[in-house]
Amino acid sequence: MARAAVLHAVGDEELDLRDDVSTVDPGPDQVKIKIRATGVCHSDLSTMTGVLPAMPPTVLGHEGAGVVAEVGEHVTNVRPGDHVVVNWSPNCGTCAECVRGEPYLCMTFIAQAFSDPRFRFGDGTPAFGMAGSGTWADEMVVPHQGAIKIDEDVPFEYAALLGCGIPTGVGAAINTAQVKPGSRVAVVGAGGVGLSVIQGAKIAGASTILAIDPNEAKHPIAKQFGATHTATLEQLEETKGLLTGGAGFDYTFEVVGKAAAITTAWNATRRGGDVIVVGAGAADDNFEMNAFALLFDGKNIKASLYGGCDLARDVPRFVDLWRAGRLDIDGLISRRIRFEDLNDAVRALKDGDVIRQVVLFD
């Protein structure tokens, strides 16, 4: 039996931290992973509140890394003992999205996650994993495409963040937006993913990077990660005038998950510029734009799901950037905690007091 943090019903304020949970045996194309580190991401909170769908009882967590414990008979990409990053959105390789070269849009395994419980309680009750994952547990079972091998010298606490926050943010800048050197960038929201967007824009060679956040305590942190300027919402128009002559930014990233933040991003973007939606918003939170401006402003709205990443390709790239000192992973970690601290970690996430908390397993 193992430990797992379980959500019994959407809206629950507290997770059930259990020690009587086990996984199913891995099938012929599946891998069992012993989790060594897992991040506490805002998407976990969004699952608790119902913004993101779940099938309770659900083991939360989707950003993790660990060691392969078992593999099915058909698995060849990893073997027991390998260090791996968990890919919460593995690509099947055969659906229309995968064939088009858009693996981040693959829904094959995500759909299965709502009908295929991979955990069970001591009394035999089945339980699902968040997005088919469930990294807030000692061990989990995923399709072999959900285990991305990494070098053993990458600390597990760093590797965990390579499973969601970093690819979502850095990937939005370099994959989705394809930020050009010398361009002007604005980022709405300076949380963990927003800081990764800032790092991605810096890596891509942006000359101006404005971090926009109402919490001024986040402004100096944003500058540590590469922001050249900061502003609150009230300061945005004046700052846009100073930095762009009032024209607006070439690329503006929304990393909040609110329709109002998309509007802010739209208004901050120059004519013909790109608005990149990174945040996961609610299904009933509608963004409105008048048809005249949509056409004649010539702006582009782009969705950036999972940073447009193919993790098998991009995780090694991110590791190389980290080795070169161009990607700061350690600075993203506000707290290193234990499994028993997960409910406190969720509260800290709600309060906005942290960038990333990482649970370290024995």
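The values are calculated or read from the model by the stated rules, or taken from the named source; none is laboratory data. As the structure is a computational prediction, the values presented were derived from the model and not from experiment. Methodologically, a virtual Cβ is constructed for each residue, glycine included, from the backbone with ideal geometry; neighbour enumeration extends over all protein chains shown. Please note that ligands, DNA and RNA were not included when accessible areas were found on the heavy atoms of the full protein model with its side chains. Shrake-Rupley method; radii C 1.70, N 1.55, O 1.52, S 1.80 Å.
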- prompt: Does the range 172-276 come out rounded, prolate or oblate, given a ≥ b ≥ c as the square roots of the eigenvalues of its C-alpha gyration tensor, rounded meaning a/c under 1.5 and, failing that, prolate meaning a/b above b/c?
  reply: rounded
field: Relative contact order of the range 1-73, pairs being alpha-carbon contacts under 8 Å that are 6 or more residues apart, as %
entry: 41 percent
task: Using R₀ = 22 Å, calculate the FRET efficiency as 1/(1 + (r/R₀)^6) where r is the Cβ-Cβ separation of residue 285 and residue 123; round to 0.05.
output: 0.05
message: Give me Rg/Rg_expected for the range 1-71, where Rg uses Cα atoms only and Rg_expected = 2.2 N^0.38 Å with N residues.
response: 1.18
statement: Quick P(r) readout (the range 96-245; Cα-Cα; 5 Å bins; whole %) gives 2, 8, 14, 15, 15, 13, 11, 10, 7, 4, 1, 1, 0, 0
- prompt: If contacts are Cα pairs under 8 angstrom and at least 6 residues apart, what is the relative contact order of the range 221-362 in percent?
  reply: 15 percent
- line: With all protein chains present, the chain has a carbon and sulfur share of its accessible area (1.4 Å probe) in percent of 50 percent
statement: Debye calc, one equal point scatterer per Cα of the range 143-195, no solvent, log10 I(q)/I(0) at q = 0.14, 0.25 1/Å comes to -0.50, -1.04
Cβ crowding within 10 Å averaged over residues, with 2-10, 226-234 ranked highest first: 2-10, 226-234
- request: Please tell me the relative contact order of the range 174-290 in percent, rounded to the nearest whole number, where contacts are Cα pairs under 8 Å and at least six residues apart.
  value: 25 percent
message: Could you compute how fast the range 288-362 diffuses translationally, taking Rh as the Kirkwood radius over C-alpha pairs and applying Stokes-Einstein at 10 °C with viscosity 1.306 mPa s? Give it in µm² per second.
response: 97 µm²/s
message: Give me the count of lysine pairs in the chain whose alpha carbons sit under 25 angstrom apart, restricted to pairs 8 or more positions apart or on different chains.
response: 25
message: Can you compute the equivalent ellipsoid semi-axes for the range 211-362, i.e. the square root of 5 times each eigenvalue of the Cα gyration tensor, sorted largest first and rounded to whole Å?
response: 31, 19, 18
- prompt: What is the pair-distance distribution P(r) of the range 258-308, computed from all Cα-Cα distances in 10 Å bins starting at 0, with each bin given as a whole percent?
  reply: 24, 56, 20, 0
task: Compute the distance in nm between two label points, each set 7 Å from the Cα along the Cα-to-Cβ direction, one at residue 323 and one at residue 77.
output: 2.1 nm
- request: List the extent of the Cα atoms of the range 1-156 along each of their three principal axes, largest first, rounded to whole Å.
  value: 38, 33, 30
Å² per residue, accessible surface of the chain at 1.4 Å: 41 Å²
task: Step through the residues of the range 253-267 one at a time and calculate ³J(HN,Hα) from phi using the Karplus curve (6.51 cos²θ - 1.76 cosθ + 1.60, θ = phi - 60°), rounding each to whole Hz and writing x for Gly and Pro.
output: 9, 9, 10, 10, x, 9, 4, 4, 6, 5, 4, 4, 5, 4, 5
- prompt: Based on the mean of other beta carbon atoms within 10 Å per residue, what is the order of 194-204, 323-333, most packed first?
  reply: 194-204, 323-333
- prompt: Share of antiparallel DSSP beta bridges in the chain, in percent to the nearest 5?
  reply: 55 percent
message: What would the Debye equation give as log₁₀ I(q)/I(0) for the range 35-95 at q = 0.17, 0.19, 0.25, 0.27 Å⁻¹, counting only Cα atoms as equal point scatterers?
response: -0.76, -0.88, -1.09, -1.13
- prompt: For the chain, what value does the Rg/Rh ratio take when both radii are computed over Cα atoms and Rh is the Kirkwood radius, given to two decimals?
  reply: 0.97
query: Contour minus end-to-end for residue 107 and residue 10, with contour as 0.36 nm per residue of separation and end-to-end as the Cα-Cα distance?
result: 32.7 nm
